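Encoded as structure tokens, the structure appears first; notes follow it.
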Amino acid sequence: MSNRRPYVGGNWKMHGELAAAVELTEDVAAAIGDAVQAVDVTLFPPFPYLQAVGHALRQAGIGLGGQDCSPHLEGAHTGQTSPAMIADLGGSVALIGHSERRNELGEPDALIAAKTRAALAASLQPVVCVGETMGEREAGNALQVVERQVRAALEGLTSDQVGTAVVAYEPVWAIGTGITATPDDAQSAHSMIRSLLGELYDAELADSVRIIYGGSVKAANAAELFSAPDVDGGLIGGASLKVDEFASICRAAVSA
Ligand code: PGA
């Protein structure tokens, strides 16, 4: 990590129920406490719980985000949630391009780019997820795949827009598997992404964008991962549902 402000997201995926979501929010806010002065923390609850979680977060200094958003700003799009609706419920962030959506729902790069533009149009911060599958890694294509995903997601965006975004490198083989990338694996992808930002925009922008790692991050490995120079925090799935684990990960991001 450098002098970039660390960033930790808690991606709750499709877990929980309303009462448990509110309780988890309150407990996480209490456990993180003053650490929020030194780390940006965002919770991504399931959509139906967004408003209740936002309410429970009030005053805690923790951000609220949607796990996805529509590429459309409004209209006849059954089942979709617009970025403006997320904002209306108190959200300020949208997770975009998570591999579970890319793979389970077949979301292509162009759709992810459209969602990123829509989030920005509604003044949401996009957290854009990229990452290779095990097959792509074994074929020696990991960095090319990630580069293609980053280029596609950011296509046509201004440097001011990219400056508000966060990139999450999440190798698919590490998500929910208990297999974590080594700090060196993470660093090589993160430094490639940062160089690419420098090439597409400029060195100052590249130096300022937070690039976070996701994939089986837990309290026991967070400090080591966050010590890599281009790893600016994490996107946390399973461990974000455990209060003490998640709070320790946030504190590890502060100390890195
Ligand atoms: P995991 O998920 O921490 O459970 O591996 C990370 C993610 O999908 O964002």
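Of note:
- Of all residues making up the stretch 194-237, the number that are within 15 Å of the ligand (Cβ to nearest atom) and free of Cβ contacts under 8 Å to residues at least 12 places away in the same chain: 1
- Assessment of the stretch 129-147 against the conditions (within 24 Å of residue 70 (Cα to Cα), in a loop (DSSP other than H, G, I, E, B), more than 15 Å from the ligand (Cβ to nearest atom) and open to solvent by 60 Å² or more (accessible area, probe 1.4 Å)) yields no matching residue.
- Residue that is farthest from the ligand (Cβ to nearest atom), among those in the stretch 238-256 that are free of Cβ contacts under 8 Å to residues at least 60 places away in the same chain and in a helix (DSSP H, G or I): 255
- Within the stretch 28-39, not a single residue is open to solvent by 30 Å² or more (accessible area, probe 1.4 Å), touching a Cys at 6+ places or on another chain (Cβ under 8 Å) and in a loop (DSSP other than H, G, I, E, B).
- Residue 143 satisfies every condition listed in (1) within 23 Å of residue 242 (Cβ to Cβ); (2) more than 14 Å from the chain's Cα centre (by Cα) except (1).
- Matching residues in the stretch 170-193 - criterion: being within 20 Å of residue 127 (Cβ to Cβ) and away from the ligand (no atom under 16 Å from the Cβ): 187, 191, 192, 193
- Test result for residue 195, in a helix (DSSP H, G or I) and either open to solvent by 10 Å² or more (accessible area, probe 1.4 Å) or not aliphatic (A, V, I, L, M) (or both): yes
- If you go through the stretch 15-26 and keep only what is surrounded by fewer than 16 Cβ atoms within 10 Å (Cβ to Cβ) and either among the polar types (S, T, N, Q) or under 15 Å from residue 59 (Cα atoms) (or both), you end up with just 26.
- Check on residue 196, modelled with pLDDT of 95 or more and either over 14 Å from residue 4 (Cβ atoms) or in contact with a strand residue (DSSP E or B) (Cβ under 9 Å, 6 or more places away or on another chain) (or both): yes
- Hits in the stretch 9-27 (condition: part of a loop (DSSP other than H, G, I, E, B) and within 16 Å of the ligand (Cβ to nearest atom)): 12, 13, 14, 15, 16
- A search for C-beta distances below 6 Å between a residue of the stretch 170-193 that is over 17 Å from residue 211 (Cα atoms) and any residue that is more than 8 Å from the ligand (Cβ to nearest atom), counting only pairs 6+ apart in sequence or on different chains, returns 173/134.
- Residue among 175, 212 that alone is crowded, with 19+ Cβ neighbours inside 10 Å and either basic (Lys, Arg) or in contact with a Phe, Trp or Tyr (Cβ under 8 Å, 6 or more places away or on another chain) (or both): 212
The values are calculated or read from the model by the stated rules, or taken from the named source; none is laboratory data. All values derive from a computational prediction rather than experimental measurement. Cβ coordinates were reconstructed from backbone atoms using ideal geometry, including for glycine residues, and neighbour counts include every protein chain displayed. Note: accessible area is taken over every heavy atom of the protein model, side chains too, but ligands, DNA and RNA are not part of it. Shrake-Rupley method; radii C 1.70, N 1.55, O 1.52, S 1.80 Å.
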